[in-house]
């Protein structure tokens, strides 16, 4: 099982709306995440917009590929893209570069 | 159960040593964390020194208070303090301000 942590930056002027959208993620999106192996998946938001994602999965590359192929994800990511800073044209899910785990205690 | 995420900043010139120290945390420190309720605790390091902590616990305030009272923690935090940026005199564990969770999928 892999533990994955990634960072994104939400635009400071869209934080409230970002929170609201993530309190009501589409059921089809939740189902697609579960079906493609995203487990114990949390998003944490700092007041300045720094967003931390944490999840557990058998194989993050496979979990990402699974969502890449999910039609609902294309719609979700298209709606989420304007919330993020400096993604250089990439979709938010394409900008999820995992950090290195340097410590773990079960 | 609470999921907790916090951020710290490791000095850019101490990253290698920080990684080495966390690959060999003292057994007494690991035991104290477990005994005080720190579960599934990971630290992730970005190349610029941004450090993300994630853990699960029944009560983070109690888990922090438990470590506060652990003698081994005072020694560990004293040794770790010089690795961090701008803690304003606080110990690293005192600077762990949790971020807000805005999304969770089990």
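FYI, it's all coordinate maths here, none of it is from the lab. Small disclaimer: the values here were computed from a predicted structure and weren't measured. All Cβ positions, even for glycine, are placed from backbone atoms using ideal geometry, and neighbour counts span all protein chains on display.
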Reduced Cα scattering model of the protein assembly as shown, Debye log10 I(q)/I(0), q = 0.11, 0.12 Å⁻¹: -0.56, -0.66
Give the nm distances, rounded to one decimal, from residue B:61 to the matching residue in every other copy, measuring between label points 7 Å along Cα toward the beta carbon; shortest first. 4.6
In peptide B:2-9, how many Cβ atoms from other protein chains are near each Cβ within 10 Å, on average? 3
Chain A: relative contact order as a whole-number percent, Cα under 8 Å and 6+ apart: 41
What residues of the range B:5-31 lie in the reach of a label at residue B:71, counting those whose backbone N is under 14 Å from a point 7 Å from the Cα along Cα→Cβ? B:28-29
Just need the relative contact order of the range B:22-63 here, percent rounded to a whole number, with Cα pairs under 8 Å and 6+ apart. 35
Expressed as a whole number of Å, what is the distance separating the alpha-carbon centroids of the range B:28-106 and the range A:48-77? 27
Using only the alpha carbon atoms of the range A:1-99, find the Kirkwood hydrodynamic radius as the inverse mean reciprocal pair distance, in angstroms to one decimal. 13.8
So how much slack lies between residue B:9 and residue B:58, counting 0.36 nm per residue of separation and subtracting their Cα-Cα distance, in nm? 15.0 nm
